[in-house]
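Student: Structure in structure tokens, see below.
The values are calculated or read from the model by the stated rules, or taken from the named source; none is laboratory data. This one's a predicted model, so the numbers in the text were calculated from it and none came from an experiment. Positions of Cβ are generated from backbone atoms using ideal geometry, with glycine treated the same way; all protein chains shown enter the neighbour counts. With ligands, DNA and RNA removed, areas are computed over all heavy atoms of the protein, side chains included. Shrake-Rupley method; radii C 1.70, N 1.55, O 1.52, S 1.80 Å.
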Amino acid sequence: MTSIPFSRLLLVETRKLFDTRSGKILTAVLVVLTVASVVGRGLVAGPRLFTLTGTAGIGFGVLLPVLAILAVTGEWSHRTALTTFTLEPRRARVLAAKFLPPLAVTVLAALCALLVAVPTTAAVSAVRHAPADWEVSPLALLGWVATLVLLTAMGSALGVLSLNAPVAIVVCLTNTILWSVVGRLGEVGRFLAEWFDLGATTAPLATGTMTGGDAVRLATSILLWIALPAVLGTLRVTRAEIG
């Protein structure tokens with residue numbers, strides 16, 4: 001049988017990302033939330049480009065990981081895994097094709113937030129008769145985008161590990177809350193949160209103020225929440241019997 005080009009797998013998995021009802025709803029919510037949050041923050045905080053752009057990241061940090069989870073768990077929730085892996089027996093290639101589209105969507109969403117923030121900043125400046133703050137640190141902007149990509153990757157990793165969308169979504173959405181509780185449990189709790197809470201370890205990255213120690217803590221949390229679940233999940237999928 002002729003090998004299916006990886007580009008075709010990517011195209012198919014990208015289409016699946018938006019073909020389902022949940023995918024369409026999440027996409028629509030992302031668009032509306034981006035515009036509403038940027039405009040709303042502009043009216044409150046004033047014409048500050050980077051502040052308005054970063055406001056969209058609040059919704060992105062929740063919805064984009066959910067979109068990634070649905071992308072990698074869809075074959076099992078829709079009972080199409082057998083068909084998919086019959087057409088492409090090399091399951092690792094299918095998983096790679098599932099991981100990449102949500103990451104690309106994350107970068108595009110960040111770009112859209114910036115594009116919405118630019119005219120909003122100008123409009124708020126004109127309405128308020130206040131000077132606009134157009135200053136954006138390239139390092140902070142790249143760090144902010146990288147943070148969103150890491151959060152989306154965590155969603156994909158948890159999804160492929162559990163192969164159960166509700167479980168992965170609950171773990172992903174409650175992660176920050178649980179770590180905030182752990183961080184209040186004395187010195188040990190604070191130490192664990194500083195090293196293993198991905199939300200906390202990405203904060204210096206998102207603001208462009210990362211130091212060497214911050215990088216080590218970020219790498220540790222990436223290992224725990226992205227690399228390890230992704231590897232274990234891939235082993236599970238590639239070795240599991242598909243019924």
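Student: Counting Lys and Arg as +1 and Asp and Glu as -1, what is the net charge of the other residues whose Cβ lies under 14 Å from the Cβ of Leu17? Kindly include the intermediate steps, with their values, before the conclusion.
Tutor: Values: positive: Arg15, Lys16, Arg21, Lys24, Lys98; negative: Glu13, Asp19, Glu75.
Result for the neighbourhood of Leu17: +2.
Student: Please give the contour-minus-distance gain from Ile177 to Asp133: 0.36 nm per residue of separation, less the Cα-Cα distance, rounded to one decimal in nm. Show your work: numbers first, answer last.
Tutor: On the way: separation 44, 0.36 × 44 = 15.84 nm, distance 3.30 nm.
Working it through step by step, the gained length comes to 12.5 nm.
Student: Using every Cα-Cα pair within the stretch 152-243, state what percent have a distance larger than 16 Å. Don't jump to the answer; show the numbers that get you there.
Tutor: On the way: 2486 of 4186 pairs.
In whole percent, the long-distance tail amounts to 59.
Student: For the stretch 195-243, with all protein chains present and a 1.4 Å probe, just round the carbon and sulfur fraction of the accessible area to a whole percent. Please report the intermediate quantities before stating the final value.
Tutor: Details: 1770 of 2560 Å².
Here carbon and sulfur together make up 69 percent of the probe-accessible area.
Student: As I understand it, the dipole of the chain uses +1 on the Cβ of Lys and Arg and -1 on the Cβ of Asp and Glu, about the Cα centre. Which of Thr211, Pro65, Thr20 lies farthest toward its positive end?
Tutor: Result: Thr20, furthest along the dipole toward the positive end.
Student: Over the chain, one equal point on each Cα, no solvent: what is log10 I(q)/I(0) by the Debye formula at q = 0.07, 0.10 Å⁻¹?
Tutor: Reported log10 I(q)/I(0), two decimals: -0.27, -0.54.
Student: Can I ask one more? Between Leu163, Pro131, Val181, whose Cα lies farthest towards the positive end of the dipole of the chain when Lys and Arg beta carbons carry +1 and Asp and Glu beta carbons carry -1, centred on the Cα centre?
Tutor: Leu163
Student: Only four residue types carry charge here, +1 at the Cβ of Lys and Arg and -1 at the Cβ of Asp and Glu. Report the dipole size of the chain about the Cα centre in Debye, rounded to the nearest 20. The partial results should precede the final answer.
Tutor: Values: 18 positive and 11 negative charges, 117 e Å.
For the chain, the charge dipole is close to 560 debye.
Student: Find me the longest stretch of the chain that has none of the exposed GluC sites (Glu not before Pro), where exposed means in a DSSP loop (not H, G, I, E or B) with at most 10 other Cβ atoms within 10 Å. Walk me through the numbers before you get to the answer.
Tutor: Values: sites that count: Glu135, Glu241.
Answer from the scan: 1-134.
Student: Tell me the per residue accessible area of the chain using a 1.4 Å probe; a whole number in Å² is fine.
Tutor: Numbers: 12600 Å² over 243 residues.
Solvent-accessible surface per residue comes out at 52 Å².
Student: Counting each DSSP H run of 4 or more residues in the chain as -39500 (n - 2.57), what helix-only mean residue ellipticity at 222 nm follows after dividing by all residues, to the nearest 500 deg cm²/dmol?
Tutor: Numbers: 12 runs with 199 residues, N = 243.
Computed ellipticity for the chain at 222 nm equals -27500 deg cm²/dmol.
Student: Near the amide H of Asp133, under 5 Å away, which other amide H atoms are found, from residues 5 or more places off or on another chain, if H is placed in the peptide plane?
Tutor: The answer is Arg48, Leu49.
Student: What dipole magnitude, in Debye to the nearest 20, does the stretch 118-215 give about its Cα centre under +1 on Lys/Arg Cβ and -1 on Asp/Glu Cβ?
Tutor: Here the size comes out at about 220 debye.
Student: Running Debye on the stretch 4-124 with equal point scatterers at the Cα sites and no solvent, what base-10 log of I(q)/I(0) appears at q = 0.15, 0.18, 0.22 Å⁻¹?
Tutor: The Cα Debye sum returns log10 ratios of -0.69, -0.87, -1.12.
Student: Read phi for every residue in the stretch 180-194 and hand back ³J(HN,Hα) as whole Hz from Karplus 6.51 cos²θ - 1.76 cosθ + 1.60, θ = phi - 60°, with x for Gly and Pro.
Tutor: Once rounded to whole Hz, the list reads 5, 5, 4, x, 9, 8, x, 5, 5, x, 5, 4, 4, 5, 5.
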